[in-house]
Amino acid sequence: MDNWKPRKPSAIKASVLPDGRWLLYNSVTREAIPLSPAAGILWELCDGQSQLPQIVTELAALYPDVPVATLDQQARDTLTALVQQGLLDV
Amino acid sequence: MYELELLLACTAPDITPVQAAHINALCSQIDADALYALAAQHDLTGLLYRGLLQAGAAELAAPLADEILELGFYYDFMYPQDQALLLAALADAGIEALVLKGHAIAHGVYGERPLRPYTDIDLLVRPAHITAAADILTSLGYTPDESEHDRHWYTANHHHIVPYVRAGTLPVEIHRALVSDACAVSIDADALWARAVPLDVGGYSGRMLADTHLLLHLCIHMTCTHVFEMGLKPLCDVRELITCRPPDWADVQATAQAWGCERHVGLVLALVSRLFDLPQPAELPRPEPRFLDYVLANTLATAVAGLPDSSGLAAAWQEQGTVARLRGMLRRLFPPRAEVATAFQLPASNTRTWLYYPRWQARLVRRHAGNAWHLLRGDHALQAQARTELTRRALLDWLRDTN
């Protein structure tokens, strides 16, 4: 997983709601999945160039009060879920 | 009572610390269910949600979260995706279209689309392209909705053709003009197209009215087409537009004068000024206080007060004394020949117009007998409506008088 360079599929569109939640929409299946603000930001950081350690570094800058080990595990869990749901490609 | 004050406070585009303190103070004085119902009545749930969050009243906002999610699904993705396909299909056929009203306001003014739901898609198309636009809709699986009126009625009487519908998406109304001829304004159609600005619709590059034209259209639509029965939402639209994109008031005044709608715009801005405590531009006419009171009442009730279907009866009832009232009613039962000729679409020179008077009188009796009976019996509520009707008629006369 450390070598993954997750990227956003072209069919997936995103918007941020007034409360910070993200809404991801599959324009092919016309289904939407809500994400928490943190999961949404993680999804947004998946630019197809960055590997997991780089992504965690960026998350650490955004959430300085959260231990890096915690961020790392949460990022792995979230990325796995997003890939399984077809919301990210690797 | 405080629910309305809180709702209005929450609709501000950018809530200041002072406004936030005011909102939080009101939160403890309101009935939450009444607040949510009031927001729903005026279709302002999205703005209420935004305002409560900005003010730090997350607990009061929380019950609305699921609805906002659903609004996001439809207004951020589903509907724009359908609209992008429609606009692309029209463009492929060489048909230009301007996105109007709710869709344009949600995407082009608010930015966050779930804040401003809309119930249909309004597109302005050049008159020569109306038929071709309808054919495109048909090719995309839309069908004409003639449940209220048949298509010929729309062609003869309306500024848009029959609405087109398709399961799972919003109805589409193709406009040949911004407003109906009954509004008696002279809109420069060429200028609408020349000054139109870009609008992103689900990734497609569409176009919408320029800010001045959008503001004027909003005002005319509220005053002329609906006499303020649409509630607070369009007034919030105007406030959002003029706050986030301050207009060139000289351009607004000049364009309104050219279109003959200065009073429409002045009336709306006076109401926005009263509701949201905003300064009123000096360039535009100010309405009489009784007109402002009347439209405010309509706005809050989301209904048109008065007796629009019994205007003549209401006018006759205002006469002093029974004899004068009967004389007023007789004038309506035996109007000038020209009026009867117009009502039955007869030539002005028709020598047999007198044969139509019984049909005219029968029509009046059918429409007004019930109200007339209740007025005679001293129904106070109906008498109040009759007095209100005169204010409505005076307002419409004021709006139409562009001198």
Test: residue in region B:79-101 that is more than 10 Å from chain A (Cβ to nearest Cβ), at pLDDT below 95 and within 25 Å of B:T302 (Cα to Cα): yes
Of all residues in region B:377-402 being over 24 Å from the mean Cα position of the chain (by Cα) and in a loop (DSSP other than H, G, I, E, B), the one that is nearest to B:A297 (Cα to Cα): B:D379
Hits in region B:40-60 (condition: among the small types (G, A, S), farther than 27 Å from A:R30 by Cβ and either in a loop (DSSP other than H, G, I, E, B) or more than 9 Å from every other protein chain (Cβ to nearest Cβ) (or both)): B:G51, B:A55, B:G56, B:A57
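What number of residues within region B:380-403 are of a type in the set (A, V, I, L, M), more than 12 Å from B:V227 (Cα to Cα) and touching a helix residue (DSSP H, G or I) at 6+ places or on another chain (Cβ under 8 Å)?
Taking region B:380-403 and keeping what is of a type in the set (A, V, I, L, M), we get B:381-382, B:384, B:386, B:390, B:394-396, B:399.
Going one step further and asking which of them are more than 12 Å from B:V227 (Cα to Cα), we end up with B:381-382, B:384, B:386, B:390, B:394.
Those left that are additionally touching a helix residue (DSSP H, G or I) at 6+ places or on another chain (Cβ under 8 Å): B:382, B:386, B:390, B:394.
Number of matching residues: 4.
Hey, can you tell me all the residues within region B:80-138 that are under 30 Å from B:T11 (Cα atoms) and hydroxyl-bearing (S, T, Y)? First the steps, then the outcome.
Step one: of region B:80-138, the residues under 30 Å from B:T11 (Cα atoms) are B:80-84, B:98-124.
Correct list: B:Y110, B:Y118, B:T119.
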Residue among B:D237, B:D293, B:D251 that alone is within 30 Å of A:S27 (Cβ to Cβ) and part of a helix (DSSP H, G or I): B:D237
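Taking the condition away from chain B (no Cβ under 14 Å) and either of a type in the set (V, I, T) or more than 10 Å from the chain's Cα centre (by Cα) (or both), does A:N3 pass? Break it down into steps so the answer makes sense when it comes.
Working: away from chain B (no Cβ under 14 Å): yes; either of a type in the set (V, I, T) or more than 10 Å from the chain's Cα centre (by Cα) (or both): yes.
Yes; evaluated as a whole, the condition is true for this residue.
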Number of positions in region B:171-198 that are closer than 22 Å to B:Y74 by Cα and buried (at least 19 other Cβ atoms within 10 Å of the Cβ): 3
Answer from B:P63, B:P171, B:P114 - the residue that is within 13 Å of another protein chain (Cβ to nearest Cβ) and at pLDDT 95 or above: B:P63
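Taking region B:343-364 as the region of interest, how many residues are more than 31 Å from the chain's Cα centre (by Cα) and under 19 Å from B:L330 (Cβ atoms)? Can you show your working first?
Going through region B:343-364, the residues more than 31 Å from the chain's Cα centre (by Cα) turn out to be B:346-362.
Pick out the ones that are also under 19 Å from B:L330 (Cβ atoms) and you get B:353-354, B:356-362.
Qualifying residue count, region B:343-364: 9.
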Where B:L284 falls short, out of the listed (1) buried (at least 17 other Cβ atoms within 10 Å of the Cβ); (2) modelled with pLDDT under 85; (3) not in a helix (DSSP H, G or I): (2)
One residue from B:R126, B:R151 being surrounded by fewer than 22 Cβ atoms within 10 Å (Cβ to Cβ), touching a residue at least 12 places away in the same chain (Cβ under 8 Å), out of contact with any Ser or Thr (no Cβ under 7 Å at 6 or more places or on another chain) and more than 14 Å from every other protein chain (Cβ to nearest Cβ): B:R126
Members of region B:294-332 that are loosely packed, with under 13 Cβ neighbours inside 10 Å and either under 29 Å from the mean Cα position of the chain (by Cα) or modelled with pLDDT of 85 or more (or both): B:D309
Condition check for B:R363: farther than 22 Å from B:T322 by Cα and in a helix (DSSP H, G or I): yes
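The values are calculated or read from the model by the stated rules, or taken from the named source; none is laboratory data. Only a predicted model underlies this, so the values are computations on that prediction, with no experimental measurement involved. Virtual Cβ from ideal backbone geometry, glycine too; neighbours counted across all protein chains shown.
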